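The values are calculated or read from the model by the stated rules, or taken from the named source; none is laboratory data. In this text, all values refer to a predicted model and were calculated from it rather than measured experimentally. So basically every Cβ, Gly included, is an ideal-geometry build from the backbone, and we count neighbours across all protein chains shown. Keep in mind that these areas ignore ligands, DNA and RNA; they rest on the heavy atoms of the full protein, side chains included. Shrake-Rupley method; radii C 1.70, N 1.55, O 1.52, S 1.80 Å.
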Amino acid sequence: SRPKPLAGRKIIVTSGPTHEPIDPVRYIANRSSGKQGHAIAAALARLGADVRLVSGPVGIADPAGVTTLHVETANEMKDEVEKLLPADAAVFAAAVADWRSETSADEKIKKVAGEGPPALQMIENPDILSGVGHHRKRPSLVVGFAAETRDLVRNAEAKLAKKGADFIVANDVSHEGGVMGGDRNRVRIVSKAGVDEWPEMSKDEVATRLAALIAE
Ligand code: C5P
């Protein structure tokens, strides 16, 4: 059988979007299929890691060989991640909603003729990556993601320091590359050491290479 360089290592992975409720039938979310994060969890498990995947609502199956916890909101994701500390490494691939509605109605908000749409008061969600990156139980390796439509590398470099990550996996989601929901990805690995540009490959290949880098 293959070598298991991550045997005995506990690794937290977040994946998918979060859903922030407005009322029982409506929510705010980012676009995220969970494909890249789930593939990373599976790839780490193949290298022998004890993987704890904290997933927002996705339409794909729990990866094989991984303990998966399902959450809806950013606050729930944060609670689950913090309960999983300490860990050897953490990979934050989830597309967490930056904001949520300050209140969530208990009943469906009705459309009333002549009243116009309701005003939503938004408040900031906790930044889960940043919380763990600066935590007293910080894992020795912390990996973040950056999906940007402009100034990709500059934004990723800023995130490294601000969020306390060791490296940032940056992907450009602006062009018609079909990254969102698709099966392929083109990423750059941004760390203090510089920027490593990977060629376009499948999300599974990105996951396999990233798992190897984490094992290294
Ligand atoms: O700031 P931005 O959302 O672009 O940062 C992306 C990175 O931060 C990703 O790794 C994402 O999983 C993480 N993040 C988080 N909690 C948030 C927002 C982003 O963990 N509330």
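Key figures for this structure:
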quantity: Signed unit charges on C-beta, dipole axis of the chain, positive-most listed residue 131, 208, 145; calculated: 208
quantity: For the range 69-177: rounded, prolate or oblate by the Cα gyration tensor [a/c cutoff 1.5]; calculated: oblate
quantity: About the Cα centre, charge dipole magnitude for the range 1-73 (Lys/Arg +1, Asp/Glu -1 at Cβ), debye; calculated: 460
quantity: Tail fraction, Cα-Cα pairs, the chain, threshold 29 Å, whole percent; calculated: 25
quantity: Accessible-area composition of the chain, carbon plus sulfur, in percent [1.4 Å probe]; calculated: 48
quantity: The chain, dipole about Cα centre (Lys/Arg Cβ +1, Asp/Glu Cβ -1), debye to the nearest 20; calculated: 560
quantity: Accessible area per residue in Å² at 1.4 Å probe, computed on the chain; calculated: 54
quantity: Dipole of the range 1-143 [Lys/Arg +1, Asp/Glu -1 at C-beta], most positive-end residue of 14, 53, 65; calculated: 65
quantity: Choice from 193, 94, 119 with maximal GNM fluctuation in the chain (Cα, 10 Å cutoff); calculated: 119
quantity: Antiparallel content of DSSP bridges confined to the range 80-213, in %, to 5; calculated: 60
quantity: Kirkwood-based shape ratio for the range 125-216, expressed as Rg/Rh from alpha carbons; calculated: 0.97
